[in-house]
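Chemist: One structure, as structure tokens, below. Some questions next.
The values are calculated or read from the model by the stated rules, or taken from the named source; none is laboratory data. Just so you know, these numbers come straight off a predicted model, no measurement behind them. Note that we place each Cβ from the backbone using ideal geometry, even for glycine, and neighbour counts take in every protein chain shown.
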Amino acid sequence: MSLLQNPFDPAREAALVTGAGNGIGRAIAQALVGEGVRTVFADISAERVVEAMKSSPRPELAVAWTGDLADPAACDALLAHARAALGQVTHFVHSASPPRREADHALAVSDETWRQMHAVNLEAGFRLARELARQLIAAKSPGSFLFLTSLHAGTPRNLPHYSTTKAGMAMLVKELAKTLGRNNIRVNALVPGAIAAGGFIADPSLAKHIPLGRIGAAADLAPMALAVLSNKVSGYVTGAAFTVDGGLSLTNWFEPPVLDA
């Protein structure tokens, strides 16, 4: 039997993916149900969730949830919904993130935009992961968590609210991995480069900075996500960050923002 066949155990494993309505989260959620894993598709947009589920390889394995994860009560509602629908959630992917605008540089970003980005990216990610970990520990069940960070966890992006949350998520992955490893719960990060997905419209000229010569797509992330999430494929991997960027991180292409007079 091939080592990469049947990377998941659908009889014992179930997943929760945030930001599953579009972009990278959608690609990962659809890939999970394609492998037979019952999966909650969580997103702020009901319309996007319905479309993502309908276009999945096995829609009957997808469970919808909609809400704003900036609200802690919504995080609690999502956890309750996932447990009622799936039982024990063993695999968690945190891909949800508010839209980002190039105009929101350090001297322009509003307090509310800053708060929303931190609430969804960092605070919701921590709240959801911690509670799912508690459930897994109580059940003495293994688990696998995956956070979508960014190259800009370590490289300025002219979007301080976004970059600081991604940097925080990168350290959160390490903290959780160290804390939860003895309970057989693995926590890793996927680090996307310039991916034309989730509302990000890449300038085609950016491709000249990418060694592989093209802008990435959400589908480029899904196979790596499945490999890292799989306890069969990556059972001895935790606290790691896997860069999927076509080689973009080998360069630094951003200029400082132009400030208004």
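Chemist: Which one is farthest from residue 243 (Cα to Cα), of the residues in segment 194-218 that are modelled with pLDDT of 80 or more and of a type in the set (D, E, K, R)? Walk me through it before giving the result.
Modeler: Taking segment 194-218 and keeping what is modelled with pLDDT of 80 or more, we get 207-218.
From what's left, of a type in the set (D, E, K, R): 208, 214.
Values: 208: 19, 214: 16 Å.
Out of the qualifying residues, it is 208.
Chemist: Here's another thing I want to ask about it. Which of the residues belonging to segment 180-196 are in a helix (DSSP H, G or I) and crowded, with 18+ Cβ neighbours inside 10 Å? Working first, answer last.
Modeler: So in segment 180-196, the residues in a helix (DSSP H, G or I) come out as 180-183.
Hit for segment 180-196 is 180, nothing else.
Chemist: Restricting segment 53-101 to residues that are crowded, with 21+ Cβ neighbours inside 10 Å and hydroxyl-bearing (Ser, Thr, Tyr), which is nearest to residue 13 (Cα to Cα)?
Modeler: Selected residue: 90.
Chemist: Looking at segment 12-46, which of its residues are part of a loop (DSSP other than H, G, I, E, B) and at pLDDT 95 or above?
Modeler: Of all residues in segment 12-46, those part of a loop (DSSP other than H, G, I, E, B) come to 12-13, 19-22, 35-37, 44-45.
Scanning segment 12-46 gives 12, 13, 19, 20, 21, 35, 36, 37, 44, 45.
Chemist: Please work out if residue 13 is acidic (Asp, Glu) and either surrounded by fewer than 24 Cβ atoms within 10 Å (Cβ to Cβ) or in contact with a Gly (Cβ under 6 Å, 6 or more places away or on another chain) (or both).
Modeler: No, not satisfied.
Chemist: Among 60, 51, which is modelled with pLDDT of 95 or more, within 27 Å of residue 139 (Cα to Cα) and acidic (Asp, Glu)? Spell out how you get there, then give the answer.
Modeler: Working: 51 fails: within 27 Å of residue 139 (Cα to Cα).
The conditions single out 60.
Chemist: Within the set of pairs 6+ apart or on separate chains, which have a first residue in segment 164-179 that is part of a helix (DSSP H, G or I), a second that is surrounded by fewer than 18 Cβ atoms within 10 Å (Cβ to Cβ) and modelled with pLDDT under 95, and C-beta atoms under 8 Å apart?
Modeler: Once the first residue is part of a helix (DSSP H, G or I) and sits in segment 164-179, its partners that are surrounded by fewer than 18 Cβ atoms within 10 Å (Cβ to Cβ) and modelled with pLDDT under 95 give 167/154; 170/154.
Chemist: Where residues in segment 102-113 are modelled with pLDDT of 95 or more and either surrounded by fewer than 17 Cβ atoms within 10 Å (Cβ to Cβ) or within 19 Å of the chain's Cα centre (by Cα) (or both), which of them is nearest to residue 226 (Cα to Cα)? Walk me through it before giving the result.
Modeler: Restricting attention to segment 102-113, the residues satisfying the condition of being modelled with pLDDT of 95 or more are 110-113.
Then keep just the ones that are either surrounded by fewer than 17 Cβ atoms within 10 Å (Cβ to Cβ) or within 19 Å of the chain's Cα centre (by Cα) (or both); that gives 110-112.
Details: 110: 36, 111: 36, 112: 34 Å.
Residue satisfying both the conditions and the ranking: 112.
Chemist: Quick one: in segment 117-162, of everything that is at pLDDT below 95 and among the polar types (S, T, N, Q), which residue is nearest to residue 95 (Cα to Cα)?
Modeler: Applying the filter and picking the extreme gives 150.
Chemist: OK, next. Would segment 105-127 turn up any residue that is in a strand (DSSP E or B) and farther than 21 Å from residue 245 by Cβ? Lay out the reasoning, then the answer.
Modeler: Step one: filter segment 105-127 for residues in a strand (DSSP E or B), giving none.
No.
Chemist: Can you tell me which residues in segment 136-155 are touching a helix residue (DSSP H, G or I) at 6+ places or on another chain (Cβ under 9 Å) and surrounded by fewer than 18 Cβ atoms within 10 Å (Cβ to Cβ)? Even if it seems obvious, please write down each step before you answer.
Modeler: Narrowing segment 136-155 to residues touching a helix residue (DSSP H, G or I) at 6+ places or on another chain (Cβ under 9 Å): 136-137, 140-155.
The answer is 137, 140, 141, 142, 154, 155.
Chemist: So, in segment 47-97, how many residues would count as being assigned to a helix (DSSP H, G or I), over 20 Å from residue 146 (Cα atoms) and charged (D, E, K, R)?
Modeler: Residues meeting the conditions: 5.
Chemist: For segment 207-230, give me the residue count where each residue is farther than 24 Å from residue 96 by Cβ and either touching a His at 6+ places or on another chain (Cβ under 7 Å) or part of a helix (DSSP H, G or I) (or both).
Modeler: The qualifying residues number 3.
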